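**Q** Pasting a structure here, questions to come.
Please treat every number below as a calculation from the coordinates, not as lab data. Treat the numbers as computed from the prediction; the structure is a model and nothing was measured. Cβ placement follows ideal geometry from the backbone for every residue including glycine, while neighbour counts extend to all protein chains displayed.
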């Protein structure tokens with residue numbers, strides 16, 4: 001039975017979030033939100049682990065916005081290009097999703113959110129170093145590049161969130177993280193968020209967050225990913241993916257399954273390929 005018996009009014013500032021919660025038809029916090037939000041607000045460094053779809057994103061966004069808002073009046077002469085919080089994600093599509101959620105909250109909380117994506121050039125990027133803003137969202141490679149080019153600075157950073165930390169480690173971003181770490185010169189509160197217990201978490205905490213203590217909020221287990229699922233990664237060029245999908249379905253796949261892709265256009269492309277190749281009998285595509 002779920003332990004979540006709290007109401008949002010018990011754990012967040014309703015003067016700040018009532019409009020957002022009503023607009024998005026959110027009446028009660030999920031279990032991970034109920035457990036993580038108070039810990040974040042109490043100032044703990046957090047390691048949050050819960051399955052996809054459990055509400056992890058709001059478990060750090062709501063307390064992050066609240067804490068930034070609480071100290072907003074204390075700011076004096078905030079430096080341009082110097083975010084108060086950074087949220088790191090492994091891929092562009094996830095960064096855009098979190099940015100969209102931030103903008104929904106910011107519509108009510110009135111904090112400034114910026115999104116930094118790989119491939120951006122020219123005026124859009126260069127103007128960031130001339131702006132004052134509260135939250136910056138992006139991938140480790142993009143943030144590292146911006147720091148090296150002095151487009152942003154981290155000497156006023158108060159909060160650092162690494163979302164989908166398990167994926168980020170699987171994708172080999174440790175070098176970029178270490179490069180970012182060299183720019184962190186002031187104390188800050190950290191939050192690691194993931195769907196699984198990554199083997200490299202202890203190394204990440206030892207090398208990136210040396211000397212920092214973390215409190216764990218973990219719903220992995222009875223509410224987490226099934227331990228009977230085997231996971232593995234195969235590095236492929238874009239042009240090799242359909243061929244690997246063909247091999248996997250013919251030689252490994254048994255029974256029903258789901259194929260996740262990170263773009264609507266790619267979902268249609270995979271569907272059309274599988275249908276033309278007659279890889280499975282019953283095929284359905286869903287994209288929003």
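**Q** Which FRET efficiency, nearest 0.05, do residue 236 and residue 272 yield, Cβ-Cβ r, R0 22 Å?
**A** According to the calculation, E is roughly 0.70.
**Q** Additional query: What does the helix-only formula give at 222 nm for the chain: each DSSP H stretch with n ≥ 4 adding -39500 (n - 2.57), the total divided by the residues, and the result rounded to the nearest 500 deg cm²/dmol?
**A** On the way: 12 runs with 117 residues, N = 288.
Using -39500 (n - 2.57) per qualifying helix, the result is -12000 deg cm²/dmol.
**Q** In addition: Looking at the calculated P(r) for segment 10-61, what percent of the C-alpha pair distances fall above 19 Å? Show your work: numbers first, answer last.
**A** Details: 315 of 1326 pairs.
It works out to 24 percent of all Cα pairs.
**Q** Note the angle between two axes, namely the Cα long axis of helix 14-23 and the longest principal axis of the Cα atoms of the chain, as a number of degrees from 0 to 90, rounded to the nearest 10.
**A** Orientation of helix 14-23: about 30 degrees from the principal axis.
**Q** Moving on. What translational diffusion coefficient, in µm²/s and rounded to a whole number, does the Stokes-Einstein relation yield for segment 67-163 at 20 °C and a viscosity of 1.002 mPa s, taking the hydrodynamic radius as the Kirkwood radius over Cα pairs?
**A** Numbers: Rh = 13.5 Å.
Approximately 158 µm²/s, per Stokes-Einstein.
**Q** Shape call for segment 238-277 from the C-alpha gyration tensor, a ≥ b ≥ c root eigenvalues: rounded (a/c under 1.5), prolate (a/b greater than b/c) or oblate? Display every interim value, and only then the final one.
**A** Working: a/c = 1.70, a/b = 1.39, b/c = 1.22.
Here segment 238-277 falls in the prolate category.
**Q** Counting alpha carbon pairs within less than 8 Å and at least 6 residues apart, what relative contact order, in whole percent, applies to the chain?
**A** On the way: 395 pairs, mean separation 59.7, N = 288.
So the answer I get is 21 percent.
**Q** I would also like to ask the following. Where q = 0.12, 0.15, 0.20, 0.22 Å⁻¹, what log10 of I(q)/I(0) comes from the Debye formula for segment 1-147, counting one point per Cα?
**A** Once normalised to I(0) and log-transformed, intensities are -0.53, -0.82, -1.34, -1.52.
**Q** Please report the relative contact order for segment 28-125, taking Cα pairs under 8 Å with a sequence separation of at least 6, and give it as a percent rounded to a whole number. Don't jump to the answer; show the numbers that get you there.
**A** Working: 54 pairs, mean separation 21.3, N = 98.
It rounds to 22 percent for segment 28-125.
**Q** Further question: Return the single residue from 267, 18, 277 with maximal mean-square fluctuation; model: Gaussian network over the chain, springs between Cα atoms under 10 Å.
**A** Highest fluctuation among the options: 277.
**Q** If R0 is 45 Å, what FRET efficiency do you get for residue 252 and residue 206 from their C-beta distance, rounded to 0.05? Kindly include the intermediate steps, with their values, before the conclusion.
**A** Working: r = 36 Å, r/R0 = 0.79.
Taking R0 as 45 Å, the efficiency between residue 252 and residue 206 is 0.80.
**Q** Between residue 42 and residue 243, what is the label-point separation in nm under the 7 Å Cα-to-beta-carbon projection?
**A** Inter-label distance under the simple model: 5.4 nm.
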